[in-house]
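**Q** Below is one structure. I have some questions about it.
Read the figures in this text as sums done on the coordinates, not as results from a lab. Not measured: the values here are computed from a predicted model. Quick reminder, even Gly has a Cβ in these numbers, built from the backbone with ideal geometry, and neighbours come from all protein chains shown.
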Ligand SMILES: [Zn+2]
């Protein structure tokens with residue numbers, strides 16, 4: 001099959017600024033059609049890149065191309081159902097809890113044990129391979145190593161170091177890069193039909209994160225929350241104010257996270273109760289319902305605490321851009337400001353602060369992010385941070 005992929009409408013067109021990766025993936029798709037043991041085609045891949053660079057987008061596009069009879073046309077039934085998680089040969093694993101446990105991997109392995117039902121390949125996408133526990137990773141490793149297998153494993157993680165060496169040594173590695181603000185703005189305009197001015201603003205403040213840019217461009221509440229968060233560095237006159245700022249930051253992040261999860265939580269519980277017979281006339285729920293609901297609630301709780309953490313992390317990144325801009329002004333690079341809407345505040349802050357204190361503040365924000373990622377208590381972490389930011 002010597003079809004040129006470049007001629008077609010295809011699933012790789014959505015990947016912004018990743019030409020180097022797309023070329024390799026297209027080569028692999030073509031190779032997979034002719035010789036399943038070829039050099040270009042591997043059974044295990046790992047996609048790394050900063051948040052928002054499109055790791056999982058790339059993995060899903062590759063999955064579509066492998067199972068699509070037209071190498072990933074994006075419009076056939078196979079392509080569509082793979083993307084909406086409804087394809088029998090494409091399995092997506094993502095966790096919203098803090099880790100992927102060995103039970104989850106075992107269950108996955110039992111589901112993908114058979115040969116592919118339609119095409120040549122069965123594809124498994126694991127979106128948060130960095131959250132595999134050690135025993136889960138070992139269970140997965142055995143499956144990846146199994147010879148003659150028609151399953152392709154696509155793992156996603158922020159960096160290679162986030163994945164156990166035993167796993168990453170079996171995977172072919174693809175590194176995605178953060179798209180430029182211009183590239184993000186262009187995709188918001190052309191794909192999501194967002195007005196150029198808004199697209200430009202959203203792309204700049206979300207620093208190459210396509211998903212966040214879209215969220216900011218299309219959600220007024222998100223824009224207003226962001227504005228409040230960006231004011232925090234300006235409100236740190238006293239220690240009391242610093243504690244208040246920490247409180248505000250955690251509250252805003254929690255509100256945003258709650259909005260994201262509430263509706264879904266209720267829906268999931270209802271679905272589960274229905275599965276146990278709730279609402280059927282003449283009988284109550286089957287035995288075990290209470291326990292299952294309890295388990296789901298616990299899962300939801302752990303998912304929600306992760307969403308809150310992610311949301312705080314996003315707010316901290318935003319705050320870091322404020323100090324970054326101050327530093328830009330201090331070094332005379334006014335034209336490269338991220339937060340153009342705050343240029344006067346930034347200029348004033350730059351004038352009143354010694355440059356070394358700005359470097360310390362950026363470091364303080366980054367340390368707080370690292371602490372949060374290793375499970376430090378959110379409010380405490382933010383309070384310590386704000387106190388450091390309040391110092392001259
Ligand atoms: Zn297709």
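**Q** What whole-number distance in Å separates the alpha-carbon centres of segment 112-132 and segment 343-378?
**A** If you average the Cα positions of each part, the centres end up 42 Å apart.
**Q** Per residue of the chain, what 222 nm ellipticity follows from adding -39500 (n - 2.57) for every DSSP H run with n ≥ 4, rounded to the nearest 500?
**A** Computed mean residue ellipticity for the chain: -19000 deg cm²/dmol.
**Q** Take the alpha-carbon centre of segment 12-64, take the same for segment 245-320, and report the distance between them in whole Å.
**A** One Cα centre to the other: 33 Å.
**Q** Hey, another quick one. Can you work out the base-10 log of I(q)/I(0) for the chain at q = 0.06, 0.10, 0.13, 0.15 1/Å, using the Debye formula on its C-alpha atoms alone?
**A** Values, matching the q order: -0.29, -0.79, -1.20, -1.40.
**Q** Taking the inverse of the average 1/r across all pairs of different Cα atoms in segment 292-392, what Kirkwood radius in Å do you get?
**A** 15.1
**Q** If you don't mind, another one. Take peptides 56-64, 320-328, 255-263 and line them up by average Cβ neighbours within 10 Å, highest first, as a rough protection proxy.
**A** 56-64, 320-328, 255-263
**Q** Below 8 Å between Cα atoms, with a sequence gap of 6+, how large is the relative contact order for segment 14-118 in percent?
**A** 16
**Q** If you average the alpha carbon positions of segment 148-192 and of segment 210-229, how far apart do those two centres end up, in angstrom?
**A** If we compute the Cα centre of each part, the gap is 25 Å.
**Q** If you don't mind, there's one more thing I want to ask. If you rank 34, 151 by fewest surrounding Cβ atoms within 10 Å, what's the result?
**A** Ascending Cβ contact count within 10 Å gives the list 34, 151.
**Q** Between residue 347 and residue 228, what is the label-point separation in nm under the 7 Å Cα-to-beta-carbon projection?
**A** 2.9
**Q** So what is the relative contact order for segment 161-251, in percent, with contacts set as C-alpha pairs under 8 Å and at least six apart?
**A** 17
**Q** With only alpha-carbon pairs counted, each pair once and no self-pairs, how large is the Kirkwood hydrodynamic radius of segment 100-183 in angstroms?
**A** 14.0
**Q** On C-alpha positions alone, give me the angle between the axis of helix 181-192 and the longest principal axis of the chain, in degrees, nearest 10.
**A** Computed tilt is about 60 degrees.
**Q** Report the residues of segment 196-234 in range of a label on residue 258: point 7 Å along Cα→C-beta, backbone N strictly under 14 Å from it.
**A** Output list for this probe position: empty.
**Q** What number, in percent, do you get for the relative contact order of segment 125-185 if the mean sequence gap of Cα pairs under 8 Å and at least 6 apart is divided by its residue count?
**A** Averaging sequence separation for qualifying contacts and normalising by length gives 44 percent for segment 125-185.
**Q** For residue 270 and residue 220 in one chain, what is 0.36 nm times their gap in residues minus the Cα-Cα distance, to one decimal in nm?
**A** Between residue 270 and residue 220, full extension yields 15.0 nm more.
**Q** A further question on this structure: How would 159, 287, 381 line up from fewest to most surrounding beta-carbon atoms within 10 angstrom?
**A** Lowest count first: 287, 159, 381.
**Q** Another question, then. Just to check, using Stokes-Einstein with a Kirkwood Rh over alpha carbon pairs, what's the diffusion coefficient of segment 159-313 at 4 °C and 1.567 mPa s in µm²/s?
**A** Rounded, D is 66 µm²/s.
**Q** Considering only 357, 336, 302, give the residue with the highest GNM mean-square fluctuation for the chain, with springs between Cα atoms whenever their separation is below 10 Å.
**A** Maximum fluctuation in the GNM of the chain, among the listed residues, is at 336.
**Q** Given a Förster distance of 35 angstrom, what is the FRET efficiency for residue 192 paired with residue 286, based on the Cβ-Cβ distance and rounded to 0.05?
**A** 0.20
**Q** I need 184, 210, 205 ordered by Cβ neighbour count within 10 Å, fewest first.
**A** Ordered from fewest to most neighbouring Cβ atoms within 10 Å, 184, 210, 205 come out as 205, 210, 184.
**Q** Please list the three semi-axes, largest first and in whole Å, of the ellipsoid equivalent to segment 336-386, using sqrt of 5 times the eigenvalues of its alpha carbon gyration tensor.
**A** Output for segment 336-386: semi-axes of 26, 13, 10 Å.
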